[in-house]
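Trainee: I have a structure I would like to understand better, so I am pasting it below and will then ask my questions one at a time.
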Amino acid sequence: MAKDAPNILLAGGGTGGHLFPALAIADEIKRLEPSSRFLFLGTKGKIEARVVPERGYPFRTIWISGFHRRLRLDNFLFPIKVIVSFIQSLFVIRQFRPDVVVGTGGYVCGPILFAASLLGIPTIIHESNSYPGVTTRLLAKRVTTVFIAFDAARRWLKRTDHVMLVGTPTREKLGTISRDQGRTFFHIAAGKRTLLIFGGSLGAASINDAVLESLQELLAADIQLVWQTGQSDYDRVRRAVGDRNIGWLGPFIDKMEYAFGAADLVVCRAGATTLAELALVGKPAVLVPYPFAAGDHQTHNARSLADGGAAVMIADQDARQGLKEILLKLLNDPRRLDQMSKASAQLGKPLAGREIAAAILGMIR
C-alpha cells in the first residue's frame, strides 16, 4: 500500500513546450491529492530553473544537455554528461524516494526515467508532438505508460500496448481572463483589434522579422500588438520599433492567460503545447511552423488546426513576404475570426491534465 502522501518526481524542460505540461500535470495531481509532494528535475540556465521555483515547486538540477547535430565542443562532453546525470538521478531517487517518475520530453528526462525504470519505479512519458522526440522514442518501450497528444505518434513507437491518447495538459488559468482584463493587464487600448505575437519561450527571429516587415501597415490599420520577442531578440526588435506606440513589447510573457485574453488573433509557432493552449482558449491563429523541428513535426501539428478551420498556416520562409496580407485580411474579417475561434475550441481537450493526473495517482494507490 502506498503511503498517504505520494512523492511525484517530474522532469521536463529546456523549452516551455516541455515544461508547461509538467507543471499542468503537477497542478492537477495537487488538486486531486493535496497531500502530494513534488520535486522537479531540470537543468541550470533554462526556463525551468526560473519558472518552477516561481510556481512554488521544489527544483533540482542535473548536468545534462542535448546532442547538437552540428559539430560543437559540447558534443565531446555529452557521454560524460550522460554518465554524471545518471549517477545524479540515482542520488535524487534515493533521497526523494518517488512513487512515480513523470517525464514530459527533452533530454533532461532521459537519465531519470532510465534510472527509475531500472529500479522498478513506475515511469510515465507524456509526448506532446505528432513526431515523438528522441528521448520518447528511446525510452517508450521501458516506461510503464506513454501518454500522447496526437494519434499519429503511435507509428514511431516500437511498443504501443501501453500508449494512451489523452491530449496535452495546459496551464490551469488559461481561458479564465476576459478581453478587458487582458488589455488592462498590458495597459493597451480596450477597443482596438489586438494581435498577439510570440515565438515560444525562446522566441523566433523569423517571426519577429515578418512582423517588423508588416508593422507599418498594421499600425496604419489601427491594430495594436502584444509582442513577445524572446530574450535574445528583444534589443534588436525594440530598436527597430523605435518610439512608435505599438501596444506592448517585451522579451517574455509570464502570464499567458492575460495575453490570450487580450488577443483577437495570434501569430506563433506550432509546438504541441502552444496548439493545445490555443484550442483551450479558442483563439484563431496564424501558425508559422519551426522548419527545423525533428521530423518536421510542427508542420504536422499545424495542419491539424488548419484542416479543422481553426488556423491559417504559412511556411517560415514565406512569412516575411506573406504574413502581412494574411494578418490584414483576417483582422478585417470578424466573421471569419469568430468561425475560427469556434473551430479552435472544438479541437481542445480540456480534461487532458485531469486524466493524466488520475492515471498517475491510480498507479500508486
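The values are calculated or read from the model by the stated rules, or taken from the named source; none is laboratory data. Because the structure is predicted, anything quoted here is derived from the model rather than measured. Note that each Cβ is placed from the backbone with ideal geometry, even for glycine, and that neighbours are counted across all protein chains shown.
Trainee: Can you tell me which residue is surrounded by the most Cβ atoms within 10 Å (Cβ to Cβ) among those in the stretch 273-287 that are under 15 Å from the mean Cα position of the chain (by Cα) and under 17 Å from LEU327 (Cβ atoms)?
Mentor: Among those residues, the one meeting the criterion is LEU278.
Trainee: Looking only at the stretch 164-213, count every residue that is at pLDDT below 95 and in contact with a Leu (Cβ under 6 Å, 6 or more places away or on another chain) and tell me the total.
Mentor: 3
Trainee: Scan (1) at pLDDT below 90; (2) part of a helix (DSSP H, G or I) for the single condition GLY66 breaks and write down its number.
Mentor: GLY66 satisfies all of (1) at pLDDT below 90; (2) part of a helix (DSSP H, G or I) except (2).
Trainee: Also, quick follow-up: Given the criteria free of Cβ contacts under 8 Å to residues at least 24 places away in the same chain, over 18 Å from GLU213 (Cβ atoms) and in contact with a strand residue (DSSP E or B) (Cβ under 6 Å, 6 or more places away or on another chain), does ALA306 qualify?
Mentor: So ALA306 fits the description; yes.
Trainee: Here's another thing I want to ask about it. Test ALA294 against the stated conditions and say whether it is crowded, with 19+ Cβ neighbours inside 10 Å and within 22 Å of GLY230 (Cβ to Cβ).
Mentor: no
Trainee: Also: Can you pull out every residue in the stretch 22-49 that is part of a strand (DSSP E or B) and touching a helix residue (DSSP H, G or I) at 6+ places or on another chain (Cβ under 6 Å)?
Mentor: Answer for the stretch 22-49, where residues must be part of a strand (DSSP E or B) and touching a helix residue (DSSP H, G or I) at 6+ places or on another chain (Cβ under 6 Å): PHE38, LEU39, PHE40, LEU41, GLY42.
Trainee: How many residues are within 22 Å of the chain's Cα centre (by Cα) and not acidic (Asp, Glu) when one looks only at the stretch 77-135?
Mentor: Residues that pass the stated criteria total 25.
Quick grid of which residues meet (1) in contact with a Pro (Cβ under 8 Å, 6 or more places away or on another chain); (2) farther than 24 Å from ALA279 by Cβ; (3) not acidic (Asp, Glu):
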residue: GLU217; (1), (2), (3): no, yes, no
residue: ARG236; (1), (2), (3): no, yes, yes
residue: ARG239; (1), (2), (3): no, yes, yes
residue: ILE246; (1), (2), (3): no, yes, yes
residue: LEU249; (1), (2), (3): no, yes, yes
residue: PHE252; (1), (2), (3): no, no, yes
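Trainee: Among the residues of the stretch 91-107, what is the count of those that are of a type outside the set (Val, Ile, Thr) and closer than 10 Å to ILE121 by Cα?
Mentor: Of the residues in that region, 3 qualify.
Trainee: Are any residues in the stretch 214-247 buried (at least 16 other Cβ atoms within 10 Å of the Cβ) and touching a residue at least 40 places away in the same chain (Cβ under 8 Å), and if so, which ones?
Mentor: Once the filter is applied, which keeps residues that are buried (at least 16 other Cβ atoms within 10 Å of the Cβ) and touching a residue at least 40 places away in the same chain (Cβ under 8 Å), the stretch 214-247 yields SER214, LEU218, ILE223, VAL226, GLY247.
Trainee: If I filter the stretch 108-131 down to residues being surrounded by fewer than 23 Cβ atoms within 10 Å (Cβ to Cβ) and either among the hydroxyl-bearing types (Ser, Thr, Tyr) or within 11 Å of LEU157 (Cα to Cα) (or both), which single residue comes out as modelled with the lowest pLDDT?
Mentor: TYR131
Trainee: Scan (1) in contact with an Asp or Glu (Cβ under 9 Å, 6 or more places away or on another chain); (2) without any contact (Cβ under 8 Å) to a residue 24 or more places away in the chain for the single condition PRO122 breaks and write down its number.
Mentor: (2)
Trainee: Check every one of the strands (runs of 3 or more DSSP E) wholly within the stretch 159-245 and list those with 1 or more residues that are over 30 Å from THR123 (Cβ atoms).
Mentor: 193-197, 223-228
Trainee: A further question on this structure: Restricting to the stretch 132-149, and then to whatever is in contact (Cβ under 8 Å) with a residue 24 or more places away in the chain and in a loop (DSSP other than H, G, I, E, B), can you tell me which residue is surrounded by the fewest Cβ atoms within 10 Å (Cβ to Cβ)?
Mentor: ARG142
Trainee: Of all the residues that make up the stretch 250-263, how many are touching a helix residue (DSSP H, G or I) at 6+ places or on another chain (Cβ under 6 Å) and either of a type outside the set (Val, Ile, Thr) or closer than 21 Å to LYS324 by Cα (or both)?
Mentor: So in the stretch 250-263, the residues touching a helix residue (DSSP H, G or I) at 6+ places or on another chain (Cβ under 6 Å) come out as 251, 253, 258, 260-262.
From the residues that got through so far, the ones that are either of a type outside the set (Val, Ile, Thr) or closer than 21 Å to LYS324 by Cα (or both) too are 251, 258, 260-262.
The qualifying residues number 5.
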